[in-house]
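Worksheet for the structure shown next.
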Amino acid sequence: MTMGADQKKFTGKKRPHQGEKSRVPPTQEGGPPKRPHQSDKSRVPPTQEGGPPKRPKTEAKKSNDESKKGPHESPLPRLDPKSVGYFRRVGETLQQDFESEDDRALFVRNVFIEVKGNELALATDMSGSIVLQKLLSVAASAQLCQVLDVLGKSWQNVCWHRSGAHVVQTALLQYERLQNQKAAEEEEDEDDDEGDPCRSLEDLILSLCMEVKAKFLPYNQNTHGSFIVRTLLQVLAGTVLNQEASKKGSQGPTVKSEFEVPPSFLQQLQEMSGLFKGHIGVFATHKLASLGMQTALQVLHRKSPSTCAALCDDVIAYLSSRNVSGDGSALLVFLKDETSSRLLEKILEVSKKKQLRRLFETHFEGHLQALSAHHIANYTVQRLIRAVQTKKLFSKLFEELSPNLEDVLAKGHMGVITTLAETCKRLESHQTEFVTHLMEAFHCSSPISRRVTCIPLFLSLLTYETYYKIDEEEEEPSEHKDNPDIKLQSVNYHGSILLQHLLHFEDPAPVLHSLGNMTDADLHTIACSQAGSHIFDALLNSATITEKQRKKVLRKLRTHCMELACNKYGSRVLDRVWGASTMGVKEEIAQKLVERLRELQNDPIGHHIARNFALTHFVNRRKDWQEHQQAENKRRKMFADILED
C-alpha cells in the first residue's frame, strides 16, 4: 500500500502612607496626572473632562446578555462618557512607572475610592472591565473585597456577562496572592456611609459557591458561566492549571501553581464535584458543560484522588450503559464524538493503573485498529498509549496496533505512531519490534539494502516506491540503487518527532546508519528546516549514541558552515554543534567561516554567529581565542558532570 501525496501529512484538528502625596488620574484631556493635597483624596471636580465618575445611571434598554436573564432582574448600570474617560486614564497611569511601590499603593487606594459605587458598571463595561482587572491584580485584600461585595449582590448578572466574567475570574485568582494577608484589611474611607465591615475574601468566594451550586447546570451550559465554574474549581482546590498545556502539541507542566486553601474550600469542592453525577449525560455531550467536568477531574486528581476515581467510574458506567445498535461496547460510540472523546481522554489521563487496565480490557481491546483509523477516536487512542504506565499493559496494546501501522499511516494519523514511539522510549519496551514494523510500513524492510533509506522516508512520510518513483506492480521488491537526482525536499513535523524518539532508543544503530549515509545536501535540508533542526538536538543529547557515531553525521555538515550560519534554523544547529565540539573541530569551523567573514558580519542572522564564535579574535588574537575556547569547554564539561551527578 502506498501513501499518496494527499495522505503523507498528518493535519490534526486543534482540539483573553498616609500623609504623602500620591499619583492620581489626569484631570484634563491629554494632561499629566496631578498630585493633589492629601485632603483632596485624588478627587477631581466632576465637571472637568476625564474627572472622577458620577454614580452610574441605569440603561433603559437591556444588552443582548441581559435579554437572556429572567424578567424580574434589573438592567445593568452604565458608565457615562466622562467616567469612561476617567477610568481609561487610570488604566494608562497604571502602565507607567511609579517612583516607589508606596506611590503605586497610594494611587490604587485613591482610585478605589472613586470605584466605590461604580463596581457593577465598571465590571460590565468593555473598557472599564479591563481597567478594573488591572486594579484588582494589585489590590489589597480589603479593596478586592469591596468590589466583590458589590458584585456578589448580582452574581449571575456579572458572571454571565462577557466582560464581567473576566473581572470575577481575575478577582478569584487573587486569592493565592492575598492568602497570607489579613482577610479584612482596615482602610480609611471618608465616603463610606455604611458602618458594616466588608466580608472576607473567603466568605465572598463561598457566597459564589452557593450561587453556582444552586444553578449548577445553567452555569455550566452558559458560555461565560462555564468560564467562572472552571476558575472556581481551581481556586477551591488550590490548583491553578496551565491552560497552554491543554493545547495540541504543547509541552510543559499541566499545573501553573498550587497553594494552601482552607477546609471550607475543599468541602465546597467535594460538594460541587458531587453535582456532576446527577447530569452525566449532559456533561459528557454538551461542549461547554464538558469543560467544567474536565477541569474538575484535573484538580481532583491532585487534591482528592479517591473522589476523582469515583467520578471517572460513574462517567464510564453511565456511558457504557447507553443502548446503542451494533456489537461491542457502547463507549465506542462516544469515543467517536468530538465532545465526549475529549472527556474520555481526560479520564484516561487521570486514571489509576488498575482503572486504566480495566478500561482497556473492557472497552478498547480488540478495537484499537478501528479507533486508530477514525478521524476523532484516534486522539483518544493516543491519550491511551501515553497514559500506559506498565510494560505488561503496553505489550497488549503494542501487539494489537503494531502489525498494521501502514493503515494508520495511510489515514494520516501520525500522532498514533509518534505516541507509540514515545512510549517505547519511555518504558524501554518493544523498541526493536517497533523499528521493524515501521520499516515494513514504509516498504524499506527488505531487501536489506533498502534499510539505509529509512530516514528520508520517515522524514517525508512517503513509502519507498513513492519517494524513489518506482513502479509498484513489481512482484518482488527490488534492491536499492542510489539515485543522485532524488533529494529530500522537506521535513514533515511528525516525521521529525518520530526520528527524535528513535534516536533515543537503546539501539539507535538502524536509524544512525541511514542518517550517516545521507548526502551533505539532504543533511543541510534537515538542518535548515524548522522541524528538522531539532533532530540534531536529539543526536547530540541522546545517551545511547557514541561520539564516534555523532561525528560521522556532523562531519558532513562542516562543508555547509556558511549556509548554516546565515539560516534561521541552520544557525541554531551550528551553534549547538559548536558547543559540543572539540578544540580542533572549532578551529576547522572557524577557519571556514572567516574566509567569508565580511559577508557573515553583514548578514542579519550570520552576524550573531560571528559574534558568538568570536571570529574577529580568531583572526587577530588567535592565542587569546584558543584560551577562551578551552575555558568554555572546561566549564561546559564541569556543568555536565554536575548535572549527571
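Things to note:
- Restricting A139, A121 to residues that are part of a helix (DSSP H, G or I) and open to solvent by less than 50 Å² (accessible area, probe 1.4 Å) narrows the list to A121.
- Some residue of region 328-335 being open to solvent by 50 Å² or more (accessible area, probe 1.4 Å), among the hydrophobic types (A, V, I, L, M, F, W, C) and more than 23 Å from L384 (Cα to Cα): no
- Selection status of A614, surrounded by 15 or more Cβ atoms within 10 Å (Cβ to Cβ) and at positive phi: yes
- Going through (1) in contact with a Phe, Trp or Tyr (Cβ under 7 Å, 6 or more places away or on another chain); (2) crowded, with 20+ Cβ neighbours inside 10 Å; (3) over 28 Å from E632 (Cβ atoms) one by one, A527 falls short only on (3).
- Only one of the numbered conditions (1) under 27 Å from E258 (Cα atoms); (2) open to solvent by 60 Å² or more (accessible area, probe 1.4 Å) is violated by T295, and that is (2).
- The lone criterion from (1) modelled with pLDDT of 90 or more; (2) part of a loop (DSSP other than H, G, I, E, B) left unmet by S514 is number (2).
- Among residues of region 404-421 being among the small types (G, A, S) and under 14 Å from Y493 (Cα atoms), the one that is surrounded by the most Cβ atoms within 10 Å (Cβ to Cβ) is G415.
- When residues of region 422-446 are limited to those that are under 28 Å from the mean Cα position of the chain (by Cα) and open to solvent by less than 40 Å² (accessible area, probe 1.4 Å), the one farthest from I376 (Cα to Cα): L427
- Number of the exception - W625 against (1) under 24 Å from A521 (Cα atoms); (2) assigned to a helix (DSSP H, G or I): (1)
- Look at (1) among the β-branched types (V, I, T); (2) closer than 18 Å to H513 by Cβ; (3) open to solvent by less than 10 Å² (accessible area, probe 1.4 Å) and you find that V452 fails only one, number (3).
- Residue in region 314-325 that is hydroxyl-bearing (S, T, Y), farther than 24 Å from A289 by Cα and open to solvent by 20 Å² or more (accessible area, probe 1.4 Å) present: yes
- Scope region 537-578; condition open to solvent by less than 20 Å² (accessible area, probe 1.4 Å) and within 21 Å of A610 (Cβ to Cβ); matching residues: L557, C561, M562, L564, A565, G570, S571, V573, L574, V577, W578
- Subset of region 598-611 that is part of a loop (DSSP other than H, G, I, E, B) and of a type outside the set (D, E, K, R) - its residue that is most open to solvent (accessible area, probe 1.4 Å): P604
- Count - residues of region 146-165 that are touching a Ser or Thr at 6+ places or on another chain (Cβ under 6 Å) and in a helix (DSSP H, G or I): 2
- Residue selection: S445 satisfies the criterion of being touching a Lys or Arg at 6+ places or on another chain (Cβ under 9 Å) and either under 20 Å from Y493 (Cα atoms) or small (G, A, S) (or both).
- First in region 618-631 and β-branched (V, I, T), second anywhere and modelled with pLDDT of 90 or more and surrounded by 12 or more Cβ atoms within 10 Å (Cβ to Cβ), Cβ under 6 Å, 6 or more apart: V619/V594
- Condition met for S478 (open to solvent by less than 60 Å² (accessible area, probe 1.4 Å) and assigned to a loop (DSSP other than H, G, I, E, B)): yes
The values are calculated or read from the model by the stated rules, or taken from the named source; none is laboratory data. All values derive from a computational prediction rather than experimental measurement. Please note: Cβ atoms are built from the backbone with ideal geometry, for glycine as well, and neighbour counts cover all protein chains shown. Protein only, heavy atoms only, side chains kept; ligands, DNA and RNA dropped before computing areas. Shrake-Rupley method; radii C 1.70, N 1.55, O 1.52, S 1.80 Å.
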